[in-house]
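The values are calculated or read from the model by the stated rules, or taken from the named source; none is laboratory data. Since the model is a prediction, treat every value here as computed from it, not as a measurement. Here the Cβ is made from the backbone with ideal geometry for all residues, glycine too, and neighbour counts use every protein chain on show.
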Amino acid sequence: MPNYKLTLSYEGTRYKGWQRQGNTAGTIQEKLENLLGRILGQPVELAASGRTDAGVHARMQICSFRAETELSPAALLRELRRYLPEDIGAEALEEAPPRFHARLNCREKTYVYRIWNSSAPNVFTRRWQYRVEEPLDLAVMEKAAALLCGEHDFAAFCSLKNSRKSTVRQLRAVRFRREGEELQICFTGDGFLYNMVRILTGTLLEVGLGLRTPEDMPRILESRDRALAGSTAPAAGLTLWEVLY
C-alpha cells in the first residue's frame, strides 16, 4: 500500500491537542483522519512527528499514512485544502518511501516559545504568545540554558508520572531572540518529553525574574523530581517550528 508524507501547519487554540483520545472530540488527528477517510473512502490512520498538547501550534508538523487511491498527491492535496478549516493548513503532500514513518524516522525537532515581554497590549498576537510584564534578565537565562544543554535525564522537566520509557534526551541547543517586545526561546533536540519544553520555559522565566539562579539547573536535573523545576508555561506560547529527518 502506498505511503504518504503530509506536511501541516495549524493554530492549536481551539483544539484539544494532536492525538485522538477515545471519546474526546476536537483533536487535530481526529479531524484529519475523518476528512481523509471521507475523501479516500477508507479508514486512514495518521502518525505524526510529535503529539502537540492542547493549545499548542505547529508551523511544521509532519505526518505519514498509508492509503490506496487513484488520486495523485497533488489532487489529494487540493481536496484537503478545499475542506480543511482555516486554522489547519495542508502545506505539502508527497508519496514517501515504503519504510518512512513520521515519528520513528524523526531525528531532530525545534520548538519556539514566544513571550510578550511588555505591559503594552498584544491584541493581535495574544493567541501565540505568553505575556510576562516584568523585565527579564536575558544574560542569566542564557547561562541557565547552557547548563541544560546536552544529554541528560530530563525526568524533572516532564509532567508524565511513572513512565516506563526512558526520560533521557539530548537538548542540542537553546537560543534566544529578541524582536521588539517579543522574546523567543528556541529549543532544538532529538526529542522532547511530555510538557518538557513548557517546563523548561517556565524554569528559565523564573531565572530571568530572579526567582532562581543558573546554578540551580544541575541540581534540578540530578533530582529527577518534577516538584523542583519551574512552573509549566502556558500552551499558547509554544509552536512546533521544524522537524528534520
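Here are the numbers for this structure:
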item	result
Scope the range 27-59; condition assigned to a loop (DSSP other than H, G, I, E, B), touching a Phe, Trp or Tyr at 6+ places or on another chain (Cβ under 6 Å) and either in contact (Cβ under 8 Å) with a residue 60 or more places away in the chain or not β-branched (Val, Ile, Thr) (or both); matching residues	46, 51, 52
All positions within the range 65-83 that are assigned to a loop (DSSP other than H, G, I, E, B) and either surrounded by fewer than 15 Cβ atoms within 10 Å (Cβ to Cβ) or in contact with a strand residue (DSSP E or B) (Cβ under 6 Å, 6 or more places away or on another chain) (or both)	68, 70, 71, 72
Any hit, the range 8-16, residues being acidic (Asp, Glu) and within 26 Å of residue 241 (Cβ to Cβ)	yes
Residue match in the range 210-225 (condition: in the same structural domain as residue 126 (by TED's automatic domain parsing), in a loop (DSSP other than H, G, I, E, B) and more than 13 Å from residue 144 (Cα to Cα))	yes
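Residue-wise test of (1) of a type in the set (Ser, Thr, Tyr); (2) within 16 Å of residue 29 (Cα to Cα).
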{"position": "41", "(1), (2)": "no, no"}
{"position": "72", "(1), (2)": "yes, no"}
{"position": "83", "(1), (2)": "yes, yes"}
{"position": "95", "(1), (2)": "no, no"}
{"position": "106", "(1), (2)": "no, no"}
{"position": "128", "(1), (2)": "no, no"}
{"position": "145", "(1), (2)": "no, no"}
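Residues are listed down the side, and each one gets a yes or a no for (1) in a strand (DSSP E or B); (2) surrounded by 15 or more Cβ atoms within 10 Å (Cβ to Cβ); (3) modelled with pLDDT under 95; (4) out of contact with any Phe, Trp or Tyr (no Cβ under 6 Å at 6 or more places or on another chain):
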position	(1), (2), (3), (4)
134	no, no, no, yes
139	no, no, no, yes
145	no, yes, no, yes
162	no, no, yes, yes
166	no, no, yes, yes
169	yes, yes, no, no
178	yes, no, no, yes
184	yes, yes, no, yes
200	no, yes, no, no
